[in-house]
Amino acid sequence: MATDSILRPGELKDVLLREIEAADIQPLDTQEVGTVLEVKDGIARVYGLGSAMSGEMLEFSSSETGQTVTGLALNLEEDNLGAVILGDFLHLREGDEVRRTARVLEVPVGRGVVGRVVDPLGNPVDGLGPITPDGHRKVEFKAPGIVVRQPVKEPLQTGIKAIDSMIPIGRGQRELIIGDRGTGKTAIAVDTIINQKGQGVICIYIAIGQKKSTVASVVERLKERGAMEYCTVVVASASDPAPMQFIAPYSGAAMAEHFMYGHNEATVCIYDDLSKHAQAYRQMSLTLRRPPGREAYPGDVFYLHSRLLERAAKMADAEGGGSLTALPVIETQAGDVSAYIPTNVISITDGQIFLETDLFYSNVRPAINPGISVSRVGGNAQIKAMKQVAGRLRLEYAQYRELEAFAQFGSDLDDATQRQLARGARIVEVLKQPQYTPMPVENQIAIIFVVTNGYLDDVEVENIRQWELDFHDFLGSNHADLMQEINAKKILDDDLTERLRQAITAFKAIQ
């Protein structure tokens, strides 16, 4: 054979390409199928899904039951991937098939989810039938940038006197509720939800790692007060696998973002609590063989919470002006706010409400410590009238706390000190508030005006609770127009101040 008739490699390639292009080849429907190498503690190691994305949903087919379970690809390694299983992993076995979905994790969102109790994947757990969502939204979503935000300046009224007067929360803020077990953290969150009735605020309560009985009692309280009409409860209970507890807060944030971005509404997300969320993430990370860091938490535990809480924002007017207010809850051990997770979350948030065990057991409830508690938004999140009356309140309260400690050692106190101690005791009494009784802002302004201007100095401390109840009844029946004007004007001008003084004097005269 002549040597010049042999095709060179380059020519051969060109011929083959031309032949392939000319041929009418039907596209094949191919699917990448992987195999389970091992399953343990809600974690699966999968071989054969080389092109899977981080955060992609996977479908595990159980050879035992024939059912499919959703998984989430997290660790992308050289020859296999580590996935967390969002559901019952006990029926999965080595050798079971795993398929890619080419979709990242999504949850159902919209009006159909409001008023329901759902799991972190958006499946109903309240026995009220299936959910009809408006659509689906990605669980992980990039936080809005600086340009599309505006400063926090619109108040979010909690209805709790001590918070609205001294540690105000604004729409779009991130305010941490921190304290030991059983100091009333959830109570503050529930009262805040109840107080949003009629305010046009959508509330998402995310229960992470709690007992189902505890969550059921919270849902019952919300139903009793008609709060479930504008509230969604996302539950990843203590009996749920760690991956479900891990995605719960992100699912709740996605449900709130639908209303914030899509409908320009105000929303509130309560993450109860992020201590258990971090523990679930630690469990997951250690099982995935990620290297442990301080207190055995993985190195990205700060990013775990920062990417969640940065999703809270007050959007600029040009972007619709919607807002997402985040109220994360952290449980401390013996009041230690300098532990790893508490300091992380304190540094991410715009202030904290610190609840103290000693105050709680000395019957000061809500047990808020005004010394450590702070709102970094300050008076921007208050209406002008509240700013006018509450300015002196915090100062007098702080002075009282200092004097109280000093007075324990001194026997002879001058008149000025005794007057300050008496005033402080009355402030503490006024700021006490029973659970599930949020107070309208105009009533808060009236009673704080009373105590800071000395109208309670001649009332015995043990009679103040009853005096306050009677005073609110008196204002509601005889001076309803005054209360409405304070609420409408949002500022105490000379006329309103004088009329409020006259109402107080008239009430004191009939006492």
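Some values worked out for this structure:
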quantity: Rg in Å to one decimal, and Dmax rounded to a whole Å, for segment 399-458 via C-alpha atoms; calculated: 13.8, 42
quantity: Zone residues, segment 170-204, relative to Ala238, backbone N less than 13 Å from point 7 Å out along Cα-to-Cβ; calculated: 182
quantity: Tilt relative to the chain, helix 384-407 - C-alpha long axis, 0 to 90 degrees, to 10; calculated: 80
quantity: Largest-first ordering by accessible area, 1.4 Å probe, given options Phe360, Phe406, Phe449; calculated: Phe406, Phe360, Phe449
quantity: Label-point gap, in nm, between Gln418 and Asp88 - each point 7 angstrom along Cα→Cβ; calculated: 7.3
quantity: Among beta bridges that DSSP assigns inside the chain, antiparallel share in %, nearest 5; calculated: 60
quantity: Cut-off under 5 Å, modelled amide H: who pairs with Arg137 long-range; calculated: Val107, Val109
quantity: FRET E, pair Asn487, Asn264, Förster distance 41 Å, beta-carbon r, rounded to 0.05; calculated: 0.95
quantity: Two-site FRET efficiency, Ala480 against Gln199, from Cβ-Cβ distance with R₀ of 25 Å, rounded to 0.05; calculated: 0.80
quantity: Rounded to 5, percent antiparallel among DSSP beta bridges of segment 235-364; calculated: 35
quantity: Rounded if a/c under 1.5, otherwise prolate or oblate - segment 22-178, Cα gyration tensor axes; calculated: prolate
quantity: Three-way shape call for segment 142-209 based on the alpha-carbon gyration tensor, with the a/c threshold at 1.5; calculated: prolate
quantity: Å² of accessible area per residue within the chain, as computed with a 1.4 Å probe and no ligands counted; calculated: 46
quantity: Spacing of the two label points (7 Å from each Cα toward its C-beta) at Asp495 and Lys138, in nm; calculated: 5.4
quantity: Whole-Å distance, taken between Cα centres, linking segment 120-148 and segment 369-384; calculated: 31
quantity: Lys, Arg +1 and Asp, Glu -1 on Cβ, resulting dipole of the chain about Cα centre, debye, nearest 20; calculated: 680
quantity: Full-stretch length increase - His472, Met53 - with 0.36 nm per residue and alpha-carbon distance subtracted; calculated: 144.9 nm
quantity: For segment 437-511, alpha-carbon Rg and Dmax in angstrom; calculated: 11.8, 34
quantity: Accessible area (Å², 1.4 Å probe, nearest 10) - Val152; calculated: 30
quantity: Value of [θ]222 nm, deg cm²/dmol, for the chain, DSSP H segments ≥ 4, -39500 (n - 2.57) each, nearest 500; calculated: -12000 deg cm²/dmol
quantity: Relative contact order for the chain, counting Cα pairs under 8 Å that sit 6 or more residues apart, in percent; calculated: 15
quantity: Segment 132-250: C-alpha gyration tensor shape, a/c 1.5 cut-off, then a/b vs b/c; calculated: rounded
quantity: Protein accessible area in segment 111-251, 1.4 Å probe - carbon and sulfur %; calculated: 55
quantity: Spin-label model distance (nm) - Glu224 vs Tyr436, 7 Å beyond Cα toward Cβ; calculated: 0.1
quantity: Solitary cysteines of the chain, where the nearest other Cys Cβ is not under 4.7 Å; calculated: Cys269
quantity: Pairs of Cα atoms farther than 20 Å apart, segment 186-324, %; calculated: 50
quantity: All lysines inside 20 Å of Lys153 as judged from Cα atoms, apart from same-chain residues fewer than 8 positions distant; calculated: Lys161, Lys314, Lys384, Lys387, Lys489, Lys490
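The values are calculated or read from the model by the stated rules, or taken from the named source; none is laboratory data. This one's a predicted model, so the numbers in the text were calculated from it and none came from an experiment. Cβ coordinates were reconstructed from backbone atoms using ideal geometry, including for glycine residues, and neighbour counts include every protein chain displayed. Note: accessible area is taken over every heavy atom of the protein model, side chains too, but ligands, DNA and RNA are not part of it. Shrake-Rupley method; radii C 1.70, N 1.55, O 1.52, S 1.80 Å.
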